Every structure is written in C-alpha cells, then in structure tokens.
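The values are calculated or read from the model by the stated rules, or taken from the named source; none is laboratory data. Keep in mind that what you see is a predicted model, and the values were worked out from it rather than measured. Every residue, glycine as well, gets a Cβ built from its backbone with ideal geometry; the counts of neighbours run over all protein chains shown. These accessible areas exclude ligands, DNA and RNA; they are computed on the full protein's heavy atoms, side chains included. Shrake-Rupley method; radii C 1.70, N 1.55, O 1.52, S 1.80 Å.
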Amino acid sequence: MAKKDGVNGKGGQFSGTPADRLVRLWRNNDERFGALLDEVLDANRQGVIEAALGKLREEEGYDFMDEVEAFSETAQGTDEQGDPTLSTLFWLVLEVDGPLDAPPPVGVIEEALDSAGLLEKAADMRLLPLWLDPEPLSYLEAADRRTLLRRLISSPEEAETFARTQDLLAPADDAGTRLVGVVGLVIEEDAELEGEGMPDPLKLGFADDGQELEIDPIEQERIRQSMAAFTEAVAAADPRVKRCEPVGGLNDLLDFTAEGVWPDDVDANFDEVNDFLDIAGNETGDGVLDLSVAQSPEGLLVRAYNSDGVLLDERNFDLTGARADEAVAMMKRRCRRLTEE
C-alpha cells in the first residue's frame, strides 16, 4: 500500500507541482483527486496530465489515463432549481452510405433514444448536428474532451465551432459505406447515477475483464429489442444510415470503429487479418496503417505500411470471393488508406 505523503497548510492539498499532486492523490485513492483533475481539465492544462503520466510507472499509466479520460467526459453542475446534475458525453457510431452534405437527423435520433428507453434516467439530452470523423477524434486529448463537453453544455453552436476548429468533421463528399460518429450530451438529475444512463451494447453480458456475466435474459432481450427499434427508426428517417448504435464514451467509439464489428456480426470476424493488423500497428509510432491489397483466385495478398510509407509486413490470406470483399471492407475501417491493386 502506498505511503501517504504530508500535506501543506493551504486547503490540505499535497505539496509539489500540480502533476505531483495528481499522482499522489491518485495513488492514495484520495477523493480530492477528482476535484484537482477537474481544475486541470477545465483550465485546459493537458501538459499537467502528460507530466503526471510521465511520473507514473508504466503499468500504472493505463489505469491512470482510463480514469482521467472518464473524468474528462463528465461534469457536475446544478439545474435551475439548484439540484445537482451530472452531464456526460456519449457517442453514437453509424454506418452510412452516401455523401454527408446534410447533417445527421438529430431530432429523430433523440426521439428514437427516448422512445426505445435507452436513456431512461436522463433529465435532458442533446446531440451535435455534425458527422464526425473517428480518425481525428482518436487524437482528441482529455482536456479537449472536457472543452467539447463544456461547449455542448453551453450551446450546440459553441460546440459546433469547437468541432470545426479542431477539424473533427467527417468529409462531406466522401462517397461509399463507412463508419462515422455523432456526439451527444445526457444530463442526469442525480450525480450518483454516473455511468448508469446508457447500456453499452459492446459489453452487454461481459465484465471489464471479458468474463461472461449472469444477466437476466429477459432484460438482455429487452435491451436488444430496444437497440433494434432505435436503429430502425433512425434508418427510416435517413436512407444514408444503414446501422447505428450508442457506444458510450469516446474510447468505446474508437475501439468500435477500429474493430468494425457490430454485435450481430460474429460471422464477419477475421481473426488472422485482425491479428496481422494489430501486430503491424504496434510497430508504428502513431498507430497509422496504410494497406495495399491484391485479390487473386488463390487468396488475398495484404501489405502494411506505416505513415512514412515503410513496408512493415505482408501476408497471404486464404480468402476469396465474398469473404475477401468482406475482409477488404473491414480493413478499410481499420486503416487510414487502402489501395486495391
């Protein structure tokens, strides 16, 4: 157990730089960690978070950043009556086919979420009427996530200005089927309800360590039916939308778009291809992959390059016909650029 450090005479905070205090408070599981982190995030001091990360052991870094990123997407406040509220960002992933010259049907999405009972504890919600690109979103730092949250709380117009300034929009003229994101804000009346507002379809029935949980099958089926009704309502309103899911936080959105597998797409898994891409991606400094793919009657030849054009690896996969086409579609979702030879 970590030894507790002494505190200074001002407000009982740990001494040292803000980064030192963040590390010590976090290691001691001190409730003041959240208050200090809120100050750092609201002041847009990403450098303090990076400095704190540098002071942690490697095995601690992942848990620390998970907590920081979760904090960055929530903010406590009060409503008009002075009652405590919790505002949380949530993300939708949509498979769309066609140009994104018109905004997503946010009114229909909000109504569908409400009708499907997916936000039962929400006192209010709003969606940003923009199609967002998962790639630049993946570089959105914790302090910027908090800024987006604060802007969306203030007004959709302020949030839209921020999203445009940060180049978060998906290309409007990019034709073809692809995955995009939409960000929303849910406000709960009681701050104690943090994290309970929206079911995560990707983790339904599984614990954080991937172990299967025992869940009431009736409740599980209710949620799945609600998801199906939600998707059907949105797709009916906008023919560009083929499928859509609420996925929780930004990290969930990025994991989803990286894997490119919907909950009912078990048969579409390509374990060998995904392993190949994972290994190649680990050899890059920025996680960016460019692929070249050549189809033949014998299979699929895939070459992986880093962002500088250096060949990382190549492999032949025994995939032909429709399965090869499905694999290529999956790889397009996982890489920055794919060239078919």
Rounded accessible area of E272 (nearest 10 Å², 1.4 Å probe):
130
Say each of A294 and D66 gets a label point 7 Å from the Cα, pointing the same way as Cα to Cβ; how far apart are those two points in nm?
4.3
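On the accessible surface of the range 72-155, probed at 1.4 Å, how many percent belong to carbon and sulfur atoms? Intermediate results must be reported in sequence, preceding the final value.
Details: 1470 of 3370 Å².
Within the range 72-155, the accessible surface is 44 percent carbon and sulfur.
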Label-point gap, in nm, between D114 and T161 - each point 7 angstrom along Cα→Cβ
2.8
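When Lys and Arg each count +1 and Asp and Glu each count -1, what net charge do the other residues less than 12 Å away from E340, Cβ to Cβ, add up to? Provide the component values of the computation, followed by the final result.
Details: positive: R303, K332, R337; negative: D325, E341.
It works out to a net charge of +1.
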SASA check, D278, accessible area w/ 1.4 Å probe, all protein chains in place, rounded to nearest 10 Å², comes out at 60
